[in-house]
Amino acid sequence: MTKSVHQLHKEAMVVDTHCDTPLRLADEHADLGVRGTEGHNDFVRMKEGGVDVSFYAIYTSGKLTPDESTRRALQLIALTRDAIDANPDKVGFASTVRQARELKAHGRGAIMFGMENGSPIQNDMALLHEFYRLGIRYITLSHAYNNQICDSCAPKEKTWHGLSPFGKKVVAEMNQLGIMVDCSHISDESFYDCLKYSKAPFVATHSCCRALSNHPRNMTDKMIKDLAHAGGVIQINFYPAFISKEYADQFWDLADIYEDTQKAYWKSDKKGKKEVAAFRLAEKNILKIKRPTVKDLVDHIDHVVDLVGADHVGLGSDFDGIETTPVGLEDISKMENITKELVARGYTETDVKNILGENLLRVLTRVEDLAYTF
Ligand SMILES: [Zn+2]
């Protein structure tokens, strides 16, 4: 390839389908207009990383009541829109592929919305319509709990064994409106129901391959083949605990301790000496585990390409939603390292561009085109 890695990365539409950055707006009052030293994503580091489209996840915990989750979703949307409006030189809001491409042409990043966990729509199709109007362009049907739409992959006890009767109507209405169905986090049975009931291609916005790292959040080879056959894409997650089984085996127990000591730390107003020491120790222990690298991440891309070709895979970092990252991908400013690794492995320019973003944009364009045709 004669083109430099940097040039290729700059030319490509680079799309990241999953960042939890709105949480930092709500919980840390982060200023996304200045280069941050905490977290993984802000408008400055997005530009440095050559990322053109960042999907901000409107995430609500499954522990909230329906009204609390609707309120929380509206708050995260409002905070993000305010942050975008405060930085018109850097980013703009996009709700269509065309708008995203226009923003890139003007040297600005595009922020798009996905909703992670469908709880905020409650049992009300009118709320689904309203969230569409507010710009939501994919919905991760559930998070870590079964909800009114479908079962999650996390709990052992399943409520619906797939999509609920209401969930089937939600999928049909999402197809009709032009919202992508996201099968990350949902149970395997829910995935196969999406395959059965979604008339439009759908996506996994932040999942890895189960064949390389056995975890229910990752997809089996059969699921990846079925998803691709239906025209969809799997966007590879950067979470070390999903990329590497070796890492995960050491990580999960320590992660529980980390979470507990972090809660105590926050409660103590960060002043209680005992709480600070316990939290710092938990943090230190997690950092001691050998992290996977950008090469291990690209192994997941290779695996999908071996199964179904280079037209059905992309990137869904989960930045700002994960405690640790792979070596070489410490935050969004380092995204070019993926392009570098893809080029080193001999991917063609077209394949690299497709993986970096065009595959996802193809699905979203298809979903837009199919709206109101059912
Ligand atoms: Zn997630």
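The table below lists the values:
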| quantity | calculated |
| --- | --- |
| Hey, residue 126 farther than 18 Å from residue 78 by Cα and part of a helix (DSSP H, G or I) or not | yes |
| Index of the failed condition, residue 259 passing every other in (1) within 18 Å of residue 290 (Cα to Cα); (2) loosely packed, with under 15 Cβ neighbours inside 10 Å | (1) |
| Candidates 258, 239, 265 - the one that is within 30 Å of residue 352 (Cβ to Cβ) and hydroxyl-bearing (Ser, Thr, Tyr) | 239 |
| Subset of the stretch 62-78 (residues that are exposed (fewer than 14 other Cβ atoms within 10 Å of the Cβ) and either on the phi > 0 side of the Ramachandran plot or within 16 Å of the ligand (Cβ to nearest atom) (or both)) | 63 |
| Hits in the stretch 123-145 (condition: within 16 Å of the ligand (Cβ to nearest atom) and more than 16 Å from the chain's Cα centre (by Cα)) | 145 |
| Residues of the stretch 146-197 that turn out to be more than 20 Å from residue 221 (Cβ to Cβ), assigned to a helix (DSSP H, G or I) and either touching a Gly at 6+ places or on another chain (Cβ under 6 Å) or within 16 Å of the ligand (Cβ to nearest atom) (or both), as a count | 0 |
| Subset of the stretch 343-372 [under 19 Å from residue 201 (Cβ atoms) and not in a helix (DSSP H, G or I)] | 371, 372 |
| Spans of strands (runs of 3 or more DSSP E) in the stretch 34-121 with at least 3 residues in the same structural domain as residue 167 (by TED's automatic domain parsing), within 17 Å of the chain's Cα centre (by Cα) and modelled with pLDDT of 95 or more | 53-59, 109-116 |
| Condition met for residue 115 (out of contact with any Gly (no Cβ under 8 Å at 6 or more places or on another chain) and away from the ligand (no atom under 16 Å from the Cβ)) | no |
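The values are calculated or read from the model by the stated rules, or taken from the named source; none is laboratory data. Just so you know, these numbers come straight off a predicted model, no measurement behind them. With ideal geometry, Cβ positions are generated from the backbone for all residues, glycine too; neighbour counts draw on all protein chains shown.
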